[in-house]
Structure formats: C-alpha cells, structure tokens
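K.L.:
This is the structure I want to talk about, given as structure tokens.
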Amino acid sequence: MDWGPLILTFQLALVTTTILLLISIPLALWLVNSRSKIKPVIETLVSMPLVLPPTVLGFYFLIAFSPSNAFGHFLDQYLGLKLVFSFGGLVVASVIYSLPFMVHPIQSGLSGLSPSLTEAAYVLGKSRLQTLLRVQLPNIKSSLLTGVILAFAHTVGEFGVVLMIGGSIPGQTKVASIAIYEEVEAMNYAAANFYSIVLFIITFLILLLVYTSNGGYIKRLWK
C-alpha cells in the first residue's frame with residue numbers, strides 16, 4: 001500500500017497549522033480590540049470559507065496563481081513561485097481555507113479574558129508583546145489547542161480546494177482525499193478503504209482531543 005498520500009496529507013496539515021497559528025494570533029487580537037469600520041468586512045472574509053464551496057475557492061486560486069494571469073506571472077517571473085499544481089500552492093490555499101478554524105477559537109478565548117488582566121500587565125510596565133506572551137496567551141491555552149486541532153483536522157479533510165489548485169501529482173499534490181477519490185473511480189475499494197479508515201481514525205482521535213480538552217483533561221496535562 002502506498003503511504004505517500006497519507007504522509008503528504010499530514011505534512012500539509014502540519015505546515016498549514018504552523019503558519020495559521022502565527023497568522024491567527026495577531027489577527028484575532030486585532031479583531032477583539034479593533035473599532036475600525038472595516039472590522040465587519042475582515043470578519044466576513046475570514047469566515048467565508050465556512051460557507052463558500054471549496055471548489056469556488058479552488059477555482060479562483062487556480063485562476064489567480066496561473067502563469068497566464070498577471071498575478072501568477074509576477075509570482076513566477078519575479079519571485080520564482082509556482083503555486084499551481086505544487087505543494088506551495090496547496091499550503092497557500094489550505095491556509096486561507098482553514099483560517100476561520102484557527103481564528104475563531106483564539107478570538108473567542110481572547111474575548112473571554114477579563115480586561116483587568118491586561119490592564120494590570122500594562123500598569124506593571126509590560127509592553128503589548130509581553131502582555132500577549134506572558135498574560136493573554138497563557139490564559140487561553142485551551143482555545144489555542146482547540147484552534148490548532150481543528151485547523152489540523154480540517155486541512156487533513158480537504159478535497160475540493162486541493163483538487164482544483166493541486167491536481168493529483170504523486171509525491172507533490174496527491175493527498176489522501178484525492179487518493180481515495182481516484183481509487184474509488186478505479187473500483188479499487190481495498191485501497192480506498194485503507195486511506196479512509198486511517199483518516200477516520202485520525203480525525204476521530206483529533207476531535208476526541210478537542211472535547212476532552214474542553215472538559216479540562218488536556219488543560220491539566222498542558223500545565
């Protein structure tokens with residue numbers, strides 16, 4: 001049995017989740033504290049992947065990143081980035097597609113913090129960065145963990161977006177969800193079942209981790 005699609009799937013999920021964590025913390029902090037008039041627009045854009053069909057996102061990624069398009073041509077010629085039918089393209093698409101699954105838990109955790117914690121840190125002379133790293137984030141560990149787990153699991157289960165932007169290139173863009181689809185088309189149900197059962201078990205364990213975390217068990221392990 002070819003383990004390549006599964007290995008590539010979890011590599012994609014790991015890279016995507018890491019990038020999302022770095023992006024989502026400042027974005028969620030801005031959404032919590034901002035009074036800007038464009039805040040509803042940003043919140044809408046962040047949440048759109050929750051309701052927009054993944055093939056729609058994948059289609060526009062394909063058009064935007066294509067070398068025949070001005071933006072894609074710029075990326076290719078001047079930055080050396082070829083995002084269509086490449087692992088890099090999968091990462092970019094996955095980051096955008098899984099963004100709300102990381103931002104929303106972190107935003108919810110930050111919104112639930114008592115303002116007195118932040119105010120006390122400022123009174124003690126802590127900078128905004130110090131307050132974030134030493135006060136705010138340590139007090140939303142469960143929200144951070146939930147965001148990480150949900151973003152990872154959501155990336156593992158992607159199909160429409162990765163199919164549109166990445167296609168099915170073995171070792172580069174052929175993730176497990178694509179492999180399942182192709183094996184079913186070829187009526188190779190044994191292989192499709194193998195990939196499916198592995199993803200089923202992994203996603204079950206991931207979601208179980210989320211619920212036990214919210215119940216307090218993982219929070220005790222975290223400390």
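Every read-out reported here was derived from the displayed coordinates using simple, explicitly stated rules and does not represent laboratory data. Bear in mind the structure is a predicted one, so any value in this text is a computation, not a measurement. Virtual Cβ from ideal backbone geometry, glycine too; neighbours counted across all protein chains shown.
K.L.:
Looking at the structure I just gave you, is L75 in contact with a Lys or Arg (Cβ under 9 Å, 6 or more places away or on another chain) and surrounded by 13 or more Cβ atoms within 10 Å (Cβ to Cβ)? Reasoning before the result, please.
P.N.:
Numbers: in contact with a Lys or Arg (Cβ under 9 Å, 6 or more places away or on another chain): yes; surrounded by 13 or more Cβ atoms within 10 Å (Cβ to Cβ): yes.
Spelling it out, L75 is indeed in contact with a Lys or Arg (Cβ under 9 Å, 6 or more places away or on another chain) and surrounded by 13 or more Cβ atoms within 10 Å (Cβ to Cβ).
K.L.:
Scan region 78-104 for residues that are surrounded by 23 or more Cβ atoms within 10 Å (Cβ to Cβ), under 11 Å from V162 (Cα atoms) and among the polar types (S, T, N, Q) and report the count.
P.N.:
Looking only at that region, the number is 1.
One line per residue, one yes/no per condition, for (1) under 28 Å from N33 (Cβ atoms); (2) in contact (Cβ under 8 Å) with a residue 12 or more places away in the chain:
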site: G109; (1), (2): yes, yes
site: R134; (1), (2): yes, yes
site: P138; (1), (2): yes, no
site: L144; (1), (2): yes, yes
site: K174; (1), (2): no, yes
site: F204; (1), (2): no, no
site: L208; (1), (2): no, no
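K.L.:
Any idea which of A153, A192 is touching a helix residue (DSSP H, G or I) at 6+ places or on another chain (Cβ under 6 Å), in a helix (DSSP H, G or I) and more than 24 Å from L21 (Cα to Cα)? Quick ask: steps written out before the conclusion?
P.N.:
Values: A153 fails: more than 24 Å from L21 (Cα to Cα).
Just one listed residue meets the conditions, A192.
K.L.:
Turning to a different aspect of this structure: Just checking, does region 134-147 include any residue being in contact with a Phe, Trp or Tyr (Cβ under 9 Å, 6 or more places away or on another chain) and either surrounded by fewer than 17 Cβ atoms within 10 Å (Cβ to Cβ) or more than 18 Å from L21 (Cα to Cα) (or both)?
P.N.:
yes
K.L.:
Could you list all residues from region 59-102 that are in a helix (DSSP H, G or I), farther than 30 Å from L207 by Cβ and either charged (D, E, K, R) or touching a residue at least 60 places away in the same chain (Cβ under 8 Å) (or both)? Walk me through it before giving the result.
P.N.:
Just the residues of region 59-102 that are in a helix (DSSP H, G or I), to begin with: 59-65, 70-78, 87-102.
Now restrict to residues that are farther than 30 Å from L207 by Cβ: 62-65, 70-78.
Across region 59-102, the qualifying residues are L62, F65, D76.
K.L.:
Of the residues that sit in region 30-47 and are in contact (Cβ under 8 Å) with a residue 24 or more places away in the chain and either surrounded by fewer than 15 Cβ atoms within 10 Å (Cβ to Cβ) or under 14 Å from P100 (Cα atoms) (or both), which one is farthest from the chain's Cα centre (by Cα)?
P.N.:
Keep residues of region 30-47 that are in contact (Cβ under 8 Å) with a residue 24 or more places away in the chain, which gives 31-32, 46-47.
Restricting the remaining residues to those that are either surrounded by fewer than 15 Cβ atoms within 10 Å (Cβ to Cβ) or under 14 Å from P100 (Cα atoms) (or both) gives 31, 46-47.
Numbers: L31: 18, V46: 12, S47: 12 Å.
Looking at the filtered set, the residue picked out is L31.
K.L.:
Assess whether T146 counts as being touching a Pro at 6+ places or on another chain (Cβ under 7 Å) and in a helix (DSSP H, G or I). Show your work before the answer.
P.N.:
On the way: touching a Pro at 6+ places or on another chain (Cβ under 7 Å): yes; in a helix (DSSP H, G or I): yes.
Against the criterion (touching a Pro at 6+ places or on another chain (Cβ under 7 Å) and in a helix (DSSP H, G or I)), T146 qualifies.
K.L.:
Mind listing whichever residues of region 104-114 are of a type in the set (A, V, I, L, M) and in a helix (DSSP H, G or I)?
P.N.:
Residues of region 104-114 of a type in the set (A, V, I, L, M): 106, 110, 113.
If the condition is that a residue be of a type in the set (A, V, I, L, M) and in a helix (DSSP H, G or I), then I106, L110 are the ones that fit.
K.L.:
Tell me, yes or no, whether region 115-135 has at least one residue that is under 15 Å from S24 (Cα atoms), β-branched (V, I, T) and not in a loop (DSSP other than H, G, I, E, B).
P.N.:
No, region 115-135 contains no residue that is under 15 Å from S24 (Cα atoms), β-branched (V, I, T) and not in a loop (DSSP other than H, G, I, E, B).
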